[in-house]
Amino acid sequence: MEETIRLSRLLGKHLQETEAYQQMKRAEEAADQDAELQRMIGEFNVKRMNLNHLMSSETQEENAKEKMEELNIAIQKQYGEIMLNPNMQLYSEAQGAVSEMMQQINTILTAAVNGQDPDLVDPSACGGDCASCGGCH
């Protein structure tokens with residue numbers, strides 16, 4: 001068990017050295033330093049909190065349903081604007097690449113735990129959605 005944990009830590013360190021991870025960290029830093037993007041994210045979060053408050057409020061405000069619909073539309077619009085920001089697009093793409101790498105690693109590890117030979121597992125063969133799968137074990 002100790003050796004498995006040691007190897008897991010080694011894998012974690014290796015992952016942090018990959019180009020995909022490094023790109024994600026650079027993109028994250030650029031997004032964090034983008035004042036306009038951070039302003040839009042802040043507005044988005046306030047709108048979302050207001051919507052959550054309206055939805056969970058025990059007292060029914062007048063026109064609550066209409067206010068919720070308006071807020072929902074505003075939230076969707078704000079999200080679209082956030083996702084059009086170049087720094088957010090770079091971060092989203094970089095995060096997707098790291099997520100794909102992690103999914104492939106998880107596919108190999110899961111197959112190994114299920115008794116398959118890790119060297120024979122095609123990590124790109126499984127999309128992770130078992131609902132559409134013909135069966136892997």
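So the values come out like this:
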quantity: Ranked 120, 109, criterion: other C-beta atoms within 10 Å, fewest first; calculated: 120, 109
quantity: Neighbour-count order for 24, 49, fewest beta carbons within 10 angstrom listed first; calculated: 49, 24
quantity: Ranking of 107, 18 by count of other Cβ atoms within 10 Å, fewest first; calculated: 18, 107
quantity: Theoretical ellipticity at 222 nm over the chain - DSSP helices of four or more residues, -39500 (n - 2.57) apiece, nearest 500; calculated: -25500 deg cm²/dmol
quantity: Length released on extending from residue 116 to residue 102, taking residue separation times 0.36 nm less the Cα-Cα span; calculated: 3.2 nm
quantity: In nm, spacing of pseudo-spin labels at residue 6 and residue 67 (7 Å Cα→C-beta vector); calculated: 6.1
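Only the coordinates and a few stated rules stand behind these numbers; no lab work does. Note that the structure is predicted; figures quoted are calculated from it, not measured. Because the Cβ atoms are built from the backbone with ideal geometry, glycine has one as well, and the counts that use them run over all protein chains shown.
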